[in-house]
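So the structure is just underneath, and the comments pick up after that.
The values are calculated or read from the model by the stated rules, or taken from the named source; none is laboratory data. Note that the coordinates shown come from a computational prediction; the quantities given were computed from them, not determined experimentally. So basically every Cβ, Gly included, is an ideal-geometry build from the backbone, and we count neighbours across all protein chains shown. Ligands, DNA and RNA are stripped out before the accessible areas are found, and what is left, the full protein with its side chains, is counted by its heavy atoms. Shrake-Rupley method; radii C 1.70, N 1.55, O 1.52, S 1.80 Å.
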Amino acid sequence: ALAHVLPGPGKWQFAKSDRDLKFMETLGITPYGSLGYGVAWASSRDSNRLQNPGSWSKFPPDDLALWAEYVTRTVSRYRERVRCWSPWNEPDSFGFFIPLQGAGGERNPANVTARRASYLELQKATYRAAKAADPNVTVLSGGFAMGGDYDRGFLPWLITNGLMDYCDVLEIHTYW
């Protein structure tokens, strides 16, 4: 997660990620990389921005150039060791990507559409940065939950609006 490698502006640190990857490799595990989530200090929408700025965030950074730099640095650093990356865990879940509150379960359709569009922009930034860092890397979509409290129109909307041009593989979590 961005919070692990950039707990504050300009404070890039990969020691924990390096240790975790080395440990997995000693066990013979071939990992895939999960890039999400964001970091609180980088999102004006995150209520932890001032209280706990280095904590992970369910909101992407306000400036996607920061996200793209994170993807570029991370994919470049692990280029020969991690061949597959996912930008976010379960972005279709209302709990994992830009949470939307709704009275009685109702959510404003304009906010739902804006949330979908925000994710698509994050996916595009991820794909472009990852492929620039390593043209041979496999870029997954976010791992879609497709269960629980999730946006049933999320994936169809993304596909209609160009998702497949910005991922090599659809990642779908099945809980049946």
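For this structure, a couple of remarks:
- From the list R79, R19, the one residue that fits, being free of Cβ contacts under 8 Å to residues at least 40 places away in the same chain and out of contact with any Leu (no Cβ under 8 Å at 6 or more places or on another chain), is R19.
- F154 satisfies every condition listed in (1) more than 20 Å from W67 (Cα to Cα); (2) in contact (Cβ under 8 Å) with a residue 40 or more places away in the chain; (3) open to solvent by 30 Å² or more (accessible area, probe 1.4 Å) except (3).
- Each residue in the range 118-162 was checked for being in contact with an Asp or Glu (Cβ under 7 Å, 6 or more places away or on another chain), in a loop (DSSP other than H, G, I, E, B) and of a type in the set (A, V, I, L, M), and 2 pass.
- Of all the criteria given as (1) open to solvent by less than 50 Å² (accessible area, probe 1.4 Å); (2) out of contact with any Phe, Trp or Tyr (no Cβ under 8 Å at 6 or more places or on another chain), the one not satisfied by G33 is (2).
- Residues that are among the aromatic types (F, W, Y) and either in contact with a Ser or Thr (Cβ under 7 Å, 6 or more places away or on another chain) or surrounded by fewer than 15 Cβ atoms within 10 Å (Cβ to Cβ) (or both) within the range 49-66 comprise just one, F59.
- Among the residues of the range 124-145, those identified as surrounded by 13 or more Cβ atoms within 10 Å (Cβ to Cβ) and in contact with a Lys or Arg (Cβ under 8 Å, 6 or more places away or on another chain) are A133, D134, V137, T138, V139.
- A count restricted to the range 35-48 and to residues that are touching a Ser or Thr at 6+ places or on another chain (Cβ under 7 Å) and charged (D, E, K, R) stands at 1.
- In the set E80, E121, only one residue is open to solvent by 60 Å² or more (accessible area, probe 1.4 Å) and within 13 Å of the chain's Cα centre (by Cα); that residue is E121.
- When the residues of the range 100-111 are filtered to those that are in a loop (DSSP other than H, G, I, E, B) and touching a Leu at 6+ places or on another chain (Cβ under 9 Å), the one that is most open to solvent (accessible area, probe 1.4 Å) is N108.
- Annotation: of all residues in the range 38-65 being under 15 Å from the mean Cα position of the chain (by Cα) and among the charged types (D, E, K, R), the one that is nearest to A129 (Cα to Cα) is D63.
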